[in-house]
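What follows is calculated from the coordinates using simple rules that are stated; it is not laboratory data. A quick note: this is a predicted structure, and the numbers were derived from the prediction, not measured. Don't worry about glycine lacking a Cβ; one is built from the backbone with ideal geometry, like all the others, and counts go over all protein chains shown.
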Amino acid sequence: MITQSRGGLFSALDRHAAERLVGGALPASATNVQYLRWQPSGDLAYYEALVRWDSTREHYLEFVHERNLSLFSMKGPDVHLPIDWRPAAQIESPGWWDPTTETPADAAGGRVGTFGSVAAKWEKGRVYVVITDTGNRG
């Protein structure tokens, strides 16, 4: 089951859905918000999501701080980073998902629930976020 951003008249709803996925408010300056949420079955709480929006690097770093994510440069490799930034094999990559496979020093990662993870990076004027949520909230 896939849900994704629709754009146009639905932009405000897309932003709200993206904020629910990332677990907090997007920067007020965030534009061109896109998301895709894949859930293998409605019977499972597990899902994976891709979220992207246009932003400055400064606003990306504010988002990282507010979301309490750890910078890769400070923490180094762990279960959240590095990743290759590609969607799961079961998800056809949407046209708007175009990050490189690099995990830069200012990429950030953290937890979602008990066993899930979130990874974010800023690149080419855009923020890219990958979320894997097991549905276990502890």
### Message
Around GLN39, under 12 Å between beta carbons, what's the net of Lys plus Arg minus Asp minus Glu among the other residues?
### Response
-2
### Query
In what order do VAL118, VAL79, VAL51 fall by count of nearby beta-carbon atoms within 10 Å, going from fewest to most?
VAL79, VAL118, VAL51
### Task
Mind telling me which of PRO104, PRO40, PRO82 comes out most flexible in a GNM of the chain, alpha-carbon contacts under 10 Å?
PRO40
### Task
Provide, in order from the shortest bin, the percent of all Cα-Cα pairs of the range 2-133 in each 5 Å bin, continuing until the bin that contains the maximum pair distance.
2, 11, 22, 25, 22, 12, 4, 1, 0
### Task
Per DSSP H run of n ≥ 4, the term is -39500 (n - 2.57); total these for the chain, divide by its residue number, and report the mean residue ellipticity at 222 nm rounded to 500 deg cm²/dmol.
-5000 deg cm²/dmol
### Task
Using a cut-off of 11 Å between beta-carbons, work out the net charge of the residues near GLY110 (Lys and Arg +1, Asp and Glu -1, GLY110 not included).
+2
### Query
Got a sec? How would VAL22, VAL130 order by Cβ neighbour count within 10 Å, fewest to most?
VAL22, VAL130
### Query
Toward the positive end of the charge dipole of the range 2-133, about the Cα centre and with charges on Cβ (Lys, Arg +1; Asp, Glu -1), which of ALA89, THR56, LEU69 goes farthest?
THR56
### Query
SER55's amide H: which non-local residues (gap 5+, or another chain) put their own amide H closer than 5 Å, with H modeled 1.01 Å from N in plane and none for Pro or chain starts?
ARG126, VAL127
### Summary
Taking r as the C-beta separation of ASP84 and ALA25 and R0 as 25 Å, the FRET efficiency to the nearest 0.05 is 0.35
### Summary
Gyration tensor on Cα atoms of the range 1-59, a ≥ b ≥ c root eigenvalues, a/c under 1.5 rounded, else prolate if a/b beats b/c, else oblate, says prolate
### Task
Run the dipole for the chain about the Cα centre, Lys and Arg Cβ at +1, Asp and Glu Cβ at -1, nothing else charged, and hand back the magnitude in debye, nearest 20.
160 debye
### Summary
Which residues qualify? For ARG111, with a placed amide H closer than 5 Å and at least 5 residues away or on another chain, they are VAL118
### Query
By counting other Cβ atoms within 10 Å of each Cβ, how are LYS124, LYS75 ranked from fewest to most?
LYS124, LYS75
